[in-house]
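Structure record follows, encoded as C-alpha cells.
The values are calculated or read from the model by the stated rules, or taken from the named source; none is laboratory data. For clarity, every value in this text was computed on a predicted model and none was experimentally measured. Please note: Cβ atoms are built from the backbone with ideal geometry, for glycine as well, and neighbour counts cover all protein chains shown. These area figures cover heavy atoms from the full protein model, side chains too; ligands, DNA and RNA do not enter into them. Shrake-Rupley method; radii C 1.70, N 1.55, O 1.52, S 1.80 Å.
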Amino acid sequence: EYRSERSSAGRVEPSVHEWKGMASLSYPPMPPILSLVVIFILVYLIDTSNACGMQLCYDRWRTAASAADNGLIKPPNGEIPACVAHRTHLVCLIAEEQNCRTNLQYQMTKRGIIHKMKNDKCYAVGDVFNASAVMDKGIIIRPNNLICTFRSKYDKTPIKYQHCGLFGDPHLRTFKDEFQTCKVEGAWSLVQNKYIMIMVTNNPVKDHGAATATSKLTVVIKKNEDCASHDFVTYRARTNYLPGTFENGRSDVGPDKSVAIQVMEPGKHVEIYLRFIDTTIRVRQIGRYFTFAIKMPQEIVEQSLGDDTQQLCVQGCPEQEQINYKKYLAEKRKIMDLNQGDIAMTSERASELCRQSQVVDFYFDSCVFDLMTTGDENFTIAAHQLLEDLTELSPDIVKTQENRTYLNYEEIHPSSGCRLKSNFIPWTCALAVLLCFLFDQRNS
C-alpha cells in the first residue's frame with residue numbers, strides 16, 4: 001500500500017574543532033563602516049537560524065502519522081506503524097543538520113523523536129514513508145473505526161489542537177499560547193468541561209520564601225456511559241506517589257479501552273489518553289513536584305469557555321496572581337550586584353545550567369527564575385521535560401518559540417558596555433565589540 005525507501009537514521013553529531021589561538025594580525029586596516037557591516041552580518045546569521053527545513057519535516061511526519069493511524073502502513077519487521085512516521089521525521093531532520101545544527105528547537109525536536117522511537121521500540125534503520133505512493137493510488141485518509149473515536153464536527157478540515165503546560169514555580173502556557181508565571185498557592189482548576197476536570201494543588205517550596213510548586217494533581221473523567229464509565233473515574237497523584245492506575249485499580253475503561261493510562265517510567269512518568277475526545281495528558285514527577293502537559297482538540301477546549309470556574313489553561317492566572325518575571329529577574333540582578341540577599345543562585349550560574357538543559361525562550365527564563373528563587377536544580381529538568389513533552393505532543397509547537405538562551409530583559413553587559421535587548425545575544429555583542437577594538441587598535 002506504500003512504497004518504502006531504506007534509510008539509516010543514526011545520530012549525526014556535528015564535529016567540534018577546538019580553537020587553538022590567534023596568530024599576530026597582518027591584515028590591512030578595516031574602515032569603520034565595514035565594522036558595522038560585520039556586526040549586521042553577524043546579527044543576520046543569527047536571525048536566520050530558524051530558516052531551516054523543520055516545517056517540511058513536520059509536514060512529512062504529519063502525513064505519515066495520518067497514514068499510520070488509518071492502516072495504510074504495515075511495517076514488514078514487526079514494528080508498530082507509528083515507527084515509520086517517527087523515522088520519516090528523523091531522517092528528514094538529519095538531512096537538515098547542516099542548516100539547523102545551531103537551532104535549539106531543532107536539537108530538541110530531534111532528541112524528542114529519538115526518545116519516542118526508543119519508547120516505541122523502533123529500529124534506527126528501516127522504512128520511511130513515501131506519501132506520493134499513497135496519493136498515486138487515490139487513497140483517501142479517513143478516521144479509524146474504533147468505537148468512541150473522536151470525530152471533529154468539521155469533517156473536511158484537519159483537527160486543530162491546543163496545548164497547555166504547567167511546571168516549576170509555577171509557570172503556565174495556556175491554550176492560547178500565553179506564557180505566565182504565577183503564585184497560585186493552593187488548589188486550582190486547570191481544565192473543566194463536560195468530559196473532564198483537572199485540578200492541581202501548589203504548595204510552598206520548603207525554605208524558599210514565596211516560591212510554590214505543584215505537589216498534587218487530580219484528573220476526573222466524568223460520567224459517560226457510552227465511552228467511559230457509568231461513574232466518575234479519578235486519577236490522583238501526590239508527592240512521591242505517581243500511580244500507574246486509576247483509583248478504581250484499573251488502567252483502562254470504556255469500549256476498546258477508550259480511556260487508558262500508560263506507565264512510561266514507573267514513579268516518574270504516566271500518560272492518560274481519552275480517545276473519545278482525542279486528548280492526551282502527560283504527568284511527570286521530577287524531584288518532589290509535578291509537571292503537566294495536555295493536548296486537546298480546539299473544539300473541546302471551546303466547550304470549557306462556558307464554565308464559570310477559573311481554569312488556568314483556559315483563562316490563565318488571575319491578574320493579582322501573576323508575577324512579572326522579567327521585572328523580577330532585572331531587580332534581582334541589581335540586588336545581586338550589591339548583596340546576594342535572598343537570591344539562592346546567581347543569574348550567571350543559573351543561566352549556564354539552563355543552557356546546558358537546552359531550553360529556550362520562556363522556558364529558559366522560567367528555568368533561570370526558578371534557580372534564582374530556590375537553587376533547586378531539579379527545576380532545570382522540569383523546564384526541559386515540559387518543553388520536550390509539548391514538542392513530542394505536537395512538533396509544530398517549536399514554531400512559537402524563539403531560539404533564545406539569554407535573559408529577555410534589557411541590561412548593560414559588564415564587560416563590553418553593550419546594551420543588550422531581546423533580539424541581540426550577549427556573545428554577538430561581545431564579538432562585535434572585540435572586532436571593532438582590534439581594528440581600531442590596528443588603525444592607531
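Scan segment 275-301 for residues that are farther than 18 Å from LEU387 by Cβ and either in contact with a helix residue (DSSP H, G or I) (Cβ under 6 Å, 6 or more places away or on another chain) or charged (D, E, K, R) (or both) and report the count. The qualifying residues number 6.
Among the conditions (1) under 15 Å from THR291 (Cα atoms); (2) part of a loop (DSSP other than H, G, I, E, B); (3) among the charged types (D, E, K, R), the only one that ASP231 does not satisfy is (1).
Quick one: is LEU329 surrounded by 14 or more Cβ atoms within 10 Å (Cβ to Cβ) and at pLDDT below 95? Answer is yes for this residue. For GLN262, the criteria (1) at pLDDT 90 or above; (2) more than 27 Å from the chain's Cα centre (by Cα); (3) surrounded by fewer than 15 Cβ atoms within 10 Å (Cβ to Cβ); (4) closer than 26 Å to LYS160 by Cβ hold in every case but one, which is (2).
Which of the residues that make up segment 332-354 are modelled with pLDDT of 75 or more, open to solvent by less than 90 Å² (accessible area, probe 1.4 Å) and not in a loop (DSSP other than H, G, I, E, B)? Matches in segment 332-354: SER347, ALA350, SER351, GLU352, LEU353, CYS354. When the criteria are applied in full, ASP252 meets the requirement of being of a type outside the set (Val, Ile, Thr) and open to solvent by less than 70 Å² (accessible area, probe 1.4 Å). Mind listing whichever residues of segment 66-99 are open to solvent by 20 Å² or more (accessible area, probe 1.4 Å) and within 18 Å of LYS110 (Cα to Cα)? Selection gives ALA82, HIS86, VAL91, ILE94, ALA95, GLU96, GLN98, ASN99. Residues in segment 379-396 that are buried (at least 21 other Cβ atoms within 10 Å of the Cβ) and of a type in the set (A, V, I, L, M) were compared, and the one that is modelled with the lowest pLDDT is LEU390. Selection of first residues in segment 351-367 that are more than 20 Å from ASN324 (Cβ to Cβ) and among the polar types (S, T, N, Q) and of second residues that are in a helix (DSSP H, G or I) and modelled with pLDDT of 90 or more, restricted to Cβ pairs under 6 Å at least 6 apart or on distinct chains, gives the following pairs, ordered by first then second residue: SER357/THR380; SER357/HIS384. Do any residues in segment 92-104 that are under 20 Å from SER357 (Cβ atoms) have Cβ atoms under 6 Å from those of residues that are assigned to a helix (DSSP H, G or I) and at pLDDT below 80, where the two are at least six apart or on different chains, and which pairs are they? Close Cβ pairs satisfying both conditions: THR102/SER49; ASN103/SER49.
Residues that are open to solvent by 70 Å² or more (accessible area, probe 1.4 Å), part of a loop (DSSP other than H, G, I, E, B) and hydrophobic (A, V, I, L, M, F, W, C) do not occur anywhere in segment 237-249. Mind checking whether some residue in segment 288-303 is open to solvent by 50 Å² or more (accessible area, probe 1.4 Å) and at pLDDT below 90? Among the residues of segment 288-303, at least one is open to solvent by 50 Å² or more (accessible area, probe 1.4 Å) and at pLDDT below 90, which makes the answer yes.
Number of residues in segment 304-319 that are in a helix (DSSP H, G or I) and crowded, with 18+ Cβ neighbours inside 10 Å equals 3.
Select, from ALA210, ALA228, the only residue that is over 27 Å from ASP120 (Cβ atoms) and touching a helix residue (DSSP H, G or I) at 6+ places or on another chain (Cβ under 9 Å). The unique qualifying residue is ALA210.
Among the residues of segment 398-410, write down those that are open to solvent by 10 Å² or more (accessible area, probe 1.4 Å) and either within 23 Å of THR102 (Cβ to Cβ) or outside any loop (DSSP other than H, G, I, E, B) (or both). Walk me through it before giving the result.
Narrowing segment 398-410 to residues open to solvent by 10 Å² or more (accessible area, probe 1.4 Å): 398-403, 405-410.
Correct list: VAL398, LYS399, THR400, GLN401, GLU402, ASN403, THR405, TYR406, LEU407, ASN408.
Within segment 259-269, can one find any residue that is touching a Phe, Trp or Tyr at 6+ places or on another chain (Cβ under 9 Å), more than 18 Å from TYR195 (Cβ to Cβ), touching a residue at least 24 places away in the same chain (Cβ under 8 Å) and of a type in the set (S, T, N, Q)? No, segment 259-269 contains no residue that is touching a Phe, Trp or Tyr at 6+ places or on another chain (Cβ under 9 Å), more than 18 Å from TYR195 (Cβ to Cβ), touching a residue at least 24 places away in the same chain (Cβ under 8 Å) and of a type in the set (S, T, N, Q).
One residue stands out in segment 100-115 among those that are of a type in the set (D, E, K, R) and within 14 Å of the chain's Cα centre (by Cα): the one that is least open to solvent (accessible area, probe 1.4 Å), namely LYS110.
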